[in-house]
Amino acid sequence: MLAVEEARNRVLEAIRPVDEVEVVPTAEAAGRYLAESPRARVGSPAFDNSAMDGYALRAADLGEAGGELPVAFTVAAGDDPRALPEGTCARIMTGAALPAGADAVVMQEKVEADEGRARFAEGPSPGANIRLAGEDIAPGAGLAGPGERVSPALISALATAGIGAVRVARRPRVLVLSTGSELRDPGEPVGPGEIYDSNRFALLAMLRQLGVEAVDGGRVPDQMEALRGALEQAAEHDMVLTSGGVSVGEFDHVKAVLGEKGEIGFWKVAIKPGKPFAFGRLGRAYFFGMPGNPVSALITYQQFVRPALIHWMGGRPAPVRINAVAGAGYQREKAGRTEFLRARLEWSGGQLAAIPLSRQGSGMIWGMSRAHAYIVVDAGSHGFRTGEAVVVEPGSEWCSFGEPQSRGEE
């Protein structure tokens, strides 16, 4: 079996990033991966302006002890003010352009004003409360690089810099199939031995969360011909995800059909849960075969498929790991596989504590929905005791892998 890191590296080495580019409006670019280095059309601030409501003046017109100046005019945001006459001040609003000649702003709370005159208890230093043109973004400055995911904050920066559209990598089309004659869709009646399909819906949701064009391929019964027909749809997609049918049971046909219709890159990874994971090719499509147990399917998606998708779109995937202390102990009899324990996170005694859930079975999906993170148990480790240092992968999409869930009872 391949180690987790080796399996992930082999997936990333096999996948060639897309070279097709789309131009999208900046307002619609959230979650997309840049294919360029956008440069600012204008600076930010675009002009010297006031950082607060107050009075603009020449610092030299007041001594350290302050004084009194006539108010020459008022400047609101959006105004193009005239030059400030010597020996005067101007009422100014936050964000308004600084009049030529002014070199400081005194906040209004420190000024007494009436009948067109303003009294200052102390004189300001030159540059006080002024935002200088270009101090945040210089005109022509690069704002991000190729392969960077567009965040809401970056959208704000792009818009501020006057960039109305950006070039991004094309989104992959990903087909999702569930295999199993026992599966039914939620809402349908179930008979003896039948269960509801959950993996397909979870995988589709995670793909859409990543901004991928997810295609629902439905359910496929445990029949060779049915599986052959379903996998023939792969040609029009960039990637194909299946869940179930990759183990060694009599009705687990995915590996056999993959070997027949495409090629197997590897099968089985030293991961818990999720050992029967397959990677390969179906025509031009990359193929990922995930286990049928719900927790195994989601964890293998997070460890292998999501990094592959980010790499395909030109991004730079990397697991985010942080240090914590174990809020409870965990021991296992047999080492040999890297284990991902679902855990809750708490801030306790000035430390981040990771508390493993008591039930870690690969079919216990409700507990996974309550988890905030995974405690990573190295392949050679037998576990940890309460209070020992542990390494945690946040179960959050912004921290590499999923979306943080609200805390609930286990």
key: Segment Val190-Asn323, length gained on full extension (0.36 nm per residue, minus Cα span)   = 43.4 nm
message = What is the sum of charges, Lys and Arg at +1 and Asp and Glu at -1, for the other residues whose Cβ falls under 10 Å from the Cβ of Leu177?
response = +1
request  = Give me the net charge of Ala113's neighbourhood, meaning all other residues with Cβ under 13 Å from the Cβ of Ala113; Lys, Arg count +1, Asp, Glu -1.
outcome  = -2
ask   = Whose amide H sits under 5 Å from the amide H of Leu352, counting only residues 5 or more places off or on another chain, with H placed in the peptide plane?
value = Val325
inquiry  = Could you tell me which residue out of Ala40, Ala56, Leu12 lies farthest along the dipole of segment 1-76 toward its positive end? Charges go on the beta carbon: Lys and Arg +1, Asp and Glu -1, centred on the Cα centre.
reply    = Leu12
query = Which GluC sites (Glu not before Pro) does segment 197-287 hold that lie in a coil by DSSP with at most 13 other beta carbons within 10 Å?
reply = Glu250
task = Only Cα pairs under 8 Å and at least 6 apart count here; give the relative contact order of segment 1-110 as a rounded whole percent.
result = 29 percent
request  = Search the structure for amide H atoms under 5 Å from the amide H of Arg173, placed 1.01 Å from N in the peptide plane, and list their residues when 5 or more places away or on another chain.
outcome  = Asp238, Met239
task = Grab the other residues whose beta carbon is less than 10 angstrom from that of Phe304, score K and R as +1, D and E as -1, and report the net.
result = +3
task = Extending each Cα 7 Å along its Cβ direction at Lys334 and Glu112, get the distance between those two points in nm, one decimal.
result = 8.5 nm
key: DSSP-loop GluC sites (Glu not before Pro) across segment 276-349, with at most 12 other Cβ within 10 angstrom   = Glu333
inquiry  = At 0.692 mPa s and 37 °C, plugging the Kirkwood radius over alpha-carbon pairs of segment 70-167 into Stokes-Einstein gives what diffusion coefficient in µm²/s?
reply    = 202 µm²/s
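Which loop GluC sites (Glu not before Pro) in segment 131-186, with loop taken from DSSP, have no more than 14 other Cβ atoms within 10 angstrom of their Cβ?
Glu135
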task = Could you check how much of the accessible area of segment 238-394 is carbon and sulfur, as a whole percent, using a 1.4 Å probe?
result = 50 percent
ask   = Rank Glu112, Glu86, Glu388 by accessible area, highest first, at a 1.4 Å probe radius?
value = Glu86, Glu112, Glu388
message = Student exercise: in the chain, how many lysine pairs 8 or more apart or on different chains have Cα atoms under 17 Å apart?
response = 4
inquiry  = Let's test the formula: R0 of 41 Å, r as the Cβ-Cβ distance of Asp19 and Glu388. What FRET efficiency results, to the nearest 0.05?
reply    = 0.30
query = For segment 208-305, with every protein chain kept in place, what is the accessible area per residue (1.4 Å probe, Å²)?
reply = 36 Å²
query = Using heavy-atom solvent-accessible surface (probe 1.4 Å) with all chains present, what is the largest-first order of Ser50, Ser369?
reply = Ser369, Ser50
ask   = To the nearest 10 Å², what's Ser37's accessible area with a 1.4 Å probe?
value = 60 Å²
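From the C-alpha gyration tensor of segment 15-125, pull out the three semi-axes of the equivalent ellipsoid (sqrt of 5λ each), sorted largest to smallest, in whole Å.
45, 13, 12
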key: Förster radius 56 Å - calculated FRET efficiency between Gln223 and Asp378 (Cβ-Cβ, nearest 0.05)   = 0.90
task = Could you tell me which label, among (i) 25.3; (ii) 21.4; (iii) 23.3, carries the value of Kirkwood radius over Cα pairs in Å calculated for this structure?
result = (i)
Dipole in debye (nearest 20) - segment 70-134, about Cα centre, beta carbon charges: Lys, Arg +1; Asp, Glu -1 = 100 debye
key: Solvent exposure ordering (accessible area, 1.4 Å, most first) of Asp114, Asp136   = Asp136, Asp114
query = Put +1 on the Cβ of every Lys and Arg and -1 on every Asp and Glu Cβ in segment 321-392; which of Trp347, Val391, Met364 then has its Cα farthest towards the positive end of the dipole?
reply = Met364
note = Extension length gain for Ala128 and Glu232 (0.36 nm per residue less Cα distance), in nm, is 30.6 nm
task = Kindly give Rg over Rh for segment 218-369, based on alpha-carbon atoms, with the Kirkwood expression for the hydrodynamic radius.
result = 1.03
ask   = Averaged per residue, what accessible area in Å² does segment 1-95 show with a 1.4 Å probe, protein chains only?
value = 53 Å²
request  = Can you tell me the relative contact order of the chain? Whole percent, Cα pairs under 8 Å, sequence separation 6 or more.
outcome  = 15 percent
remark   = Given all pairs of distinct Cα atoms, segment 287-392 yields a Kirkwood Rh in Å of 14.8 Å
ask   = Using a 1.4 Å probe, how large is the accessible area of Glu68, given in Å² and rounded to the nearest 10?
value = 80 Å²
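The values are calculated or read from the model by the stated rules, or taken from the named source; none is laboratory data. From a predicted model like this one, the values you see are computed outputs, not experimental measurements. Here the Cβ is made from the backbone with ideal geometry for all residues, glycine too, and neighbour counts use every protein chain on show. Side chains included, ligands, DNA and RNA excluded: accessible areas come from the protein's heavy atoms. Shrake-Rupley method; radii C 1.70, N 1.55, O 1.52, S 1.80 Å.
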